[in-house]
Amino acid sequence: MEDDGGESSSFVVGIIENRAKEVGLAAFDLRSASLHLSQYIETSSSYQNTKTLLHFYDPIVIIIPPNKLASNSTAGVTELVDRFYGSVKQVMLARGCFDDTKGAILIKNLAAKEPSALGLDTYYKQYYLCLAAAAATLKWTEAEKGVVVTNHSLSVTFNGSFDHMNIDSTSIQNLEIIEPFHSTLLGTSNKKRSLFHMLKTTKTIGGSRLLRANLLQPLKDIETINARLDCLDELMSNEQLFFGLCQILRKFPKETDRVLCHFCFKAKKVTAEALAVDRAKKSQVLVSSVILLKTALDALPLLSKVLKDVKSSLLSNIYKSVCENEKYDLIRKRIGEVIDEDVLHARVPFVACTQQCFAVKAGIDGLLDISRRAFCETSEAIHNLANNYREDFKLPNLKLTYKNRQGFHFVIPQKNIQGKLPSKFIQVVKHGNNIRCSSLELASLNARNKSAAAECYTRTEVCLEELMDDIRENVSVLTLLAEVLCLLDMIVNSFAHMISTKPVDRYTRPEFTENGPLAIDSGRHPILESIHNDFVANNIFLTEASNMAIVMGPNMSGKSTYLQQVCLIVILAQVGCYVPARFSTVRVVDRMFTRMGAVDNLESNSSTFMTEMKETAFIMQNVSQRSLIVMDELGRATSSSDGFAIAWSCCEHLLSLKTYTVFATHMENISELVTMYPNVKILHFDVELKNNHLDFKFQLKEGSKRIPHYGLLLAEVAGLPSSVVETARMITSRISEKVFTQLIKKRVLIF
Ligand SMILES: Nc1ncnc2c1ncn2[C@@H]1O[C@H](COP(=O)(O)OP(=O)(O)OP(=O)(O)O)[C@@H](O)[C@H]1O
């Protein structure tokens, strides 16, 4: 598999839908060799569920069947992809490629788990669409990448996203989980203000991807969440274990997870020409994977030492399944039969290249030994050439550098060059304060050096063939090792690290119930509290008997911050992390909905009000008994009477369910709901009026409090011309709302 080297996504996603608006989605992760299958009914015409999953997987390729209008002639999933994911590579495959029977057979053969353990027999009929999508996705990936997936190597999960809390893509933006709101809006990169960036102290790319996936789809299973929390308890109370793990994790190469999955893919037999072009590169990737695996396996005994006496179930399971698993030892010994003991994984390009050329023990392959000699001779000649140039051209600071693609070239600090650079130097390029260049002699030596290295790689691959087959037989333990390293990276380097940087007891362990309250005592906004030194903590208490809180208060009093804070605390709790509160107990949330900032949606050609209504409709259609909904100023984008009516009726609808809702509003009359429904409570943010100035306390209190004309006061502070404010003040003092309406009707109001 090609090595992307970066943090970018590695998902190939196939999607297909039927006439009943049921969608099957297969997401194939090339990096971790895992396949995630989901099938669901699209309840909204805007394909919110599909959008959420696409947002989650962030694919590099989307595979779709040719466009076909859905049953009711509305746009289908293919058009959605066309419209919203134009920048992602799209591949259109004939509907025949989306074959569910083929998909089922493929999964039976490729999955690491037994078909019965996967539940394939049960799922087959029910999930035929995602199996069809899997067939197309695997077929395309194998053909395009020139690989064959090794039998029984894939980690397959059914119904991936629905085992987890579902957060729709709008809420992901509103809550600033991955990107701060304004950065997505304005294209700026104020990355400090997202939950993901706050926690992204993971050391591996696999770890940070796992963190991102967890934040986008937090857990729902209390047992798993508690296992993570027990592990955090142990890390927080045992410094030696925490620092020991931090140190040991550094000993595993950063790329371990990505490289281990190379053993799941076997190169296809290709034609002679393609062989010549591609082979050396592929062989090099393979050799470096084996070296990396050796380095990772060498670090395993150190991990065993640190985890020997752990108590929490998560860590002791890791100890049992990884550290005590003899298979790793056997693989390591088998590698030791072919690979030189001194060979190590290296990141500096030329060192890595040399390690790869010398990976296989001497004397195993005569041709390899000859190629190595040629490689050494040309490398030495290149270094001698550099020495000669330093002396001949009086350039003592001339440096020789190596890049994987170009090979060797010279770097000379510009200040060392008096006058013109000697004509011997060619391909001269300015680079900052340096000049990069080559010479004809260097270019020729470079070519010889490269071809010697290429020959070394291909010979090495031949020597490694048997070893690779042996390793592939145990590929499931390598996948397990990759998963464990990513999980430890997230829990130790992100969660535990973040908690350890805060004062003691600022972050506490949340508790969970299936049907209990959502109670947060002295909760704080995880991101804003580090920006505001004097951030004011607030509580929330919702139960099935009192499941809606209406939050009131003037502008700027802290309502939106509070809504976001409640959601972020629940997300943190459900990923298995401590939360910024004195105490918290969470009823496990299965879907989280937010309706917050009102912005025109230019992409979907919707006005502010229509966007607001579409989002609200989506919530109303999808809400479940265990949802958490936060709504900010619903109904403010239309006429005040219609807005009020919509807000009121939405509240009534939500009150008839057991869902927990926090509803922030400026509409004072909404508080009348409390007189009709016992399960509503009214809260307000405390603000005092002092000398015509608003003094914000940011403290949430019971009941409501009326601050007259706070809008006018804030408008003045914002710099509205004083004459305008004066006129507004005069109008409000003279007329009551009723009179005002009558005046407008009679059109006698003259400004
Ligand atoms: N608990 C708090 N402690 C300290 N500062 C806070 C707190 N909550 C909010 N703030 C500050 O107040 C500012 C305004 O808060 P926020 O946007 O939540 O108000 P709002 O009531 O939603 O306003 P509006 O009704 O105009 O949307 C925030 O940007 C933040 O700087």
Percent RCO, i.e. relative contact order, over region 451-579, from Cα pairs under 8 Å lying at least 6 residues apart: 25 percent
Accessible area (Å², 1.4 Å probe, nearest 10) - residue 578: 20 Å²
Distance between region 493-553 and region 556-576 - C-alpha centres, whole angstrom: 7 Å
P(r) histogram, all alpha-carbon pairs of region 491-555 included - 5 Å bins from 0, percent: 3, 12, 18, 22, 18, 14, 10, 3, 0
Accessible heavy-atom area order of 285, 630, highest first, probe of 1.4 Å: 285, 630
For region 643-658 and region 414-442, distance of Cα centres in Å: 73 Å
Cα-centred dipole magnitude for the chain, charges only on beta-carbon of K, R (+1) and D, E (-1), debye, nearest 20: 1680 debye
Solvent accessible area, Å² - residue 720, 1.4 Å probe, full protein context: 90 Å²
Computed over region 309-429, the ratio Rg/Rh where both radii use C-alpha atoms and Rh is Kirkwood: 1.22
Per-selection Kirkwood Rh - region 366-456 (Cα, Å, 1 d.p.): 13.8 Å
The chain: DSSP helices with Cα axial extent of at least 24 Å and average Kyte-Doolittle hydropathy no lower than -1.0: 128-145, 272-307, 366-392, 440-473
Accessible area of the chain divided out per residue, in Å², using a probe of 1.4 angstrom: 47 Å²
Probe 1.4 Å, all protein chains present, accessible-area order of 403, 681, largest first: 403, 681
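Can you classify region 192-240 as rounded, prolate or oblate using the Cα gyration tensor, where a ≥ b ≥ c are the square roots of its eigenvalues, rounded means a/c under 1.5, and otherwise it's prolate if a/b beats b/c and oblate if not?
oblate
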C-alpha center-to-center spacing [region 309-359, region 371-408] in angstrom: 33 Å
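May I ask you to give the percent of accessible area on the chain that is carbon plus sulfur, with a probe radius of 1.4 Å?
Values: 18620 of 35110 Å².
Accessible surface attributable to carbon and sulfur in the chain totals 53 percent.
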Relative contact order (%) - criterion: Cα under 8 Å, at least six apart; region: the chain: 12 percent
Among 132, 443, 109 - extreme Cα towards positive end, dipole of the chain, charges at beta-carbon: 443
Residue-averaged 222 nm ellipticity for the chain, from DSSP H runs of 4+ at -39500 (n - 2.57), nearest 500: -14500 deg cm²/dmol
Per-residue SASA entry for residue 30, accessible area with 1.4 Å probe, Å² rounded to 10: 20 Å²
Tail weight of P(r) past 39 Å, computed on alpha-carbon pairs of the chain, percent: 49 percent
Accessible-area order (highest first, 1.4 angstrom probe) of the listed residues 697, 559, 420: 420, 697, 559
Global form of region 511-712, assessed from the alpha-carbon gyration tensor, a/c cut-off 1.5: rounded
Gain on full stretching of the segment that runs from residue 531 to residue 476 - 0.36 nm per residue minus C-alpha separation: 15.3 nm
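The values are calculated or read from the model by the stated rules, or taken from the named source; none is laboratory data. Keep in mind that this is a model prediction, so the values were computed, not measured. Positions of Cβ are generated from backbone atoms using ideal geometry, with glycine treated the same way; all protein chains shown enter the neighbour counts. What goes into the accessible areas is simple: the full protein's heavy atoms, side chains included, and nothing from ligands, DNA or RNA. Shrake-Rupley method; radii C 1.70, N 1.55, O 1.52, S 1.80 Å.
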